[in-house]
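Encoded as structure tokens, the structure appears first; notes follow it.
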Amino acid sequence: MVMSHKFLIIILLFGVAILFQDVSGAGYHIPTVKEGLLDEIGCYIGAYLGGNQGANNNMCLNYYKSASDNPYETQILDHPQQYGEIKSDNYSEMLKSIDTGIDSFRSGIESIKNGAGKKQLLFSRYFNLYYYPDNDYGKIKYTESPPPDVWAEKVLQQGGIPVLVLYPWALQKNGVLDISAKNSHNMDGNSIIKEIAQRCDALSQKYADSQGKPATVLICFGLEYNTQDIVNPGKNDLTDNANKRAWRQMFRDAYQIVHANANPSVQMVWAGNVARTKGDRIYYWPGTDDSGNQLSEDYVDWVGMTWYPWNDGPKTLDDLSDFYNYYARDRKHPMIFMETSADGDGIPADELSLKNNQVKYLYNENNLKKYPNVKGIIWFNVVKGENNVNQQLVTKNFMFPDANWENHGKSTTQPGSMYSASDHTHMMNELYPDAVSESYFIGPSSLVLSANFSADISESNMTVVCTDTSTGPGIISWSWDVDGDQKPEYYRQNITHHYQNSGTYPITLTISDGTQVRSCTYTYTIPPTIGKKSYISIGSLPGGADIWLDDRDKIGRTITSAIPYLVPSGRHTITLKKNGYQQWKVVYALTWPQHQYFGVVRLQKMFASTDENQVEGEIPESWE
């Protein structure tokens with residue numbers, strides 16, 4: 001029995017309300033490189049679901065118009081009864097009108113493979129900066145679109161990671177790109193990027209994750225730059241020219257503006273189309289100066305490309321390894337495939353075969369583990385009408401394997417239907433949902449570890465005691481870098497470190513559960529010792545006893561080995577206090593620069609008694 005589309009829509013709507021309630025309204029934080037992203041095992045995934053403005057049912061999409069009034073691309077929607085997004089002075093109404101298609105897409109996958117839908121996190125949309133804050137990409141003619149940050153907020157509300165693709169190609173002066181050029185709204189590129197960065201920063205912090213870490217927002221600036229005439233007029237990747245130099249400078253400018261106006265979770269992506277080697281992209285690389293040399297900084301956060309395995313193009317990650325090795329592995333950047341699918345030149349059988357192979361190959365843990373810096377994959381999940389003369393037919397189906405679209409012969413005026421050729425009650429066959437259900441693909445349920453620690457600094461002996469306060473089950477390893485050299489000095493949960501010199505030191509804790517890796521860094525100032533004082537060395541069994549000077553000032557806490565503490569010269573009393581154990585007291589009398597070694601004191605357990613339990617010791621008044 002075949003279930004009707006109408007009945008299935010009701011099920012999917014119910015599924016949206018139940019399955020994704022736990023992520024709605026909370027952002028998602030991908031660790032930065034400094035937080036351990038490149039040590040993390042796994043990859044983030046998602047899809048491009050079409051541009052803006054359209055109408056459909058929950059199964060599918062509408063073949064919407066471009067600004068030139070030609071049908072161009074499909075779009076998956078969550079609210080098919082409401083046609084089109086609106087520009088309004090009422091922000092709430094404008095936000096409400098945004099239709100990302102995320103809930104429909106996730107629930108369609110979830111209905112095939114439980115848990116696979118929730119893993120869909122990366123969602124992209126394209127914006128032409130010449131029309132900013134409006135857009136001309138896939139819209140109804142003569143309508144005004146909401147600015148990109150409104151769409152980004154809706155994605156964050158749905159627990160996704162917004163990927164804003166910004167096209168700067170019309171910002172030109174003297175035949176080359178120039179970020180100071182103005183757009184159709186008389187805004188220069190500097191002002192546009194600054195405004196986008198500031199708005200993304202506010203959203204990133206507003207939708208912080210459950211650990212209080214800002215939500216990740218990715219900004220892909222100038223996707224497929226090497227295909228643009230303003231960047232590569234001679235269609236030659238292997239030589240430099242003024243256009244490429246201007247492009248590199250524009251990207252550097254945009255990068256610096258973003259990072260000057262947003263927190264580190266707002267990240268910049270540099271991605272052309274498919275490239276095999278370092279040399280294919282070196283003259284587009286923002287880290288290349290005008291003489292072709294590597295600058296001291298790369299001016300990128302993520303690197304990437306679009307990759308469609310054409311019949312005569314690269315088919316495996318090994319074919320892209322030279323690009324990966326230099327830009328991702330050696331330069332220490334995460335890599336993302338901003339678009340992937342397959343293009344069979346409009347031949348359905350070729351498209352399906354290529355897409356089947358791409359899903360089985362690319363969404364495969366064994367293949368990706370060879371290239372661990374690949375941290376993102378976005379499937380280009382649309383039907384595209386390139387060079388479509390008829391305007392009633394589509395030419396290229398990029399949707400997941402075996403997904404089809406029925407336009408009822410009226411692609412621009414009536415909602416269509418998306419369905420699996422093998423099972424009309426689903427959006428696609430089980431190939432993609434099954435592939436991404438592997439644990440290698442990271443989803444909300446994977447975000448369980450959070451690194452954190454507290455530190456107690458002893459001003460008397462330049463010692464810091466660090467206590468792990470990380471959260472999450474199954475933590476099996478800890479490492480501590482206490483001087484910022486990126487080489488851990490300790491491999492245990494809690495540490496005590498004595499500094500030889502005063503100064504400011506970054507302390508980094510890195511934890512792992514064997515799969516995920518999380519890090520956090522805090523900076524502390526270790527004050528210098530002042531005046532002519534003396535030292536005592538003391539420890540205790542068990543450790544953790546507070547060290548009191550004259551029963552008035554706490555000067556530190558013991559560990560299970562004797563370490564030095566700076567104390568006043570003269571005659572004073574030292575008391576060790578630990579709950580459940582008898583106090584231990586001793587009197588010292590020292591003159592600078594004498595050093596008294598007490599060794600490791602064995603504390604005695606407290607006996608039930610109304611009298612104060614105390615053990616006393618004594619040392620000579622003068623000590624050599």
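The values are calculated or read from the model by the stated rules, or taken from the named source; none is laboratory data. Please read all numbers here as calculations on a predicted model, not as lab measurements. No Cβ is skipped: glycine too gets one built from the backbone with ideal geometry, and neighbour counts run over all protein chains shown. For the accessible areas, the whole protein counts, side chains as well, though only heavy atoms, and no ligand, DNA or RNA atoms are used. Shrake-Rupley method; radii C 1.70, N 1.55, O 1.52, S 1.80 Å.
Quick notes on this structure:
- Radius 11 Å from Cβ of Thr558, net charge of other residues (Lys, Arg +1; Asp, Glu -1): +2
- FRET E, pair Asp550, Asn452, Förster distance 30 Å, beta-carbon r, rounded to 0.05: 0.30
- Measuring with a 1.4 angstrom probe and ignoring ligands and nucleic acids, Lys206 comes out at about 130 Å² accessible.
- Amide H within-cut-off set for Thr469, under 5 Å, with H built and near neighbours excluded: Asn452, Phe453, Ser454
- Fraction in percent of alpha-carbon pairs per bin - 5 Å, region 534-600: 4, 19, 32, 27, 13, 4, 1, 0
- Shown in residue order for region 162-167 are the 3J(HN,Hα) couplings computed by the Karplus curve 6.51 cos²θ - 1.76 cosθ + 1.60 at θ = phi - 60°: x, 10, 8, 9, 9, 9 Hz (x for Gly and Pro).
- Protein-only accessible surface order, largest first, of Thr467, Thr288 at 1.4 Å: Thr467, Thr288
- For Leu129, net neighbour charge (Lys/Arg +1, Asp/Glu -1) across residues whose Cβ lies under 12 Å away: -3
- Only protein heavy atoms count here; under a 1.4 Å probe, Ser561 has an accessible surface of about 50 Å².
- Stretching Glu144 away from Tyr597 to a fully extended chain increases their span by 155.3 nm, per 0.36 nm per residue minus the current alpha-carbon distance.
- Summed over all non-identical Cα pairs, the Kirkwood treatment of region 453-526 gives a radius of 12.6 Å.
- Estimated at 0.36 nm per residue, the fully extended path between Thr469 and Tyr499 surpasses their Cα-Cα distance by 8.6 nm.
- The amide H of Tyr207, built 1.01 Å from its N in the peptide plane, has Ala215 as neighbours under 5 Å, considering only residues 5 or more places off or on other chains.
- Applying 1/(1 + (r/R0)^6) with r as the Cβ-Cβ distance of Ser291 and Asn241 and R0 = 22 angstrom yields a FRET efficiency of 0.95.
- Listed pairs Lys173/Lys315; Lys119/Lys360; Lys113/Lys369; Lys119/Lys278; Lys34/Lys384 exceeding 27 Å between Cα atoms: Lys173/Lys315; Lys119/Lys278; Lys34/Lys384
- Working note: Karplus 6.51/-1.76/1.60 with θ = phi - 60° gives region 350-358 the couplings 5, 4, 5, 4, 5, 5, 4, 5, 5 Hz, where Gly and Pro are set to x.
- Neighbourhood net charge (11 Å Cβ-Cβ; Lys/Arg +1, Asp/Glu -1) for Leu171: -1
- Tyr522-Asp330 FRET efficiency (beta carbon distance; Förster radius 35 Å; 0.05 resolution): 0.75
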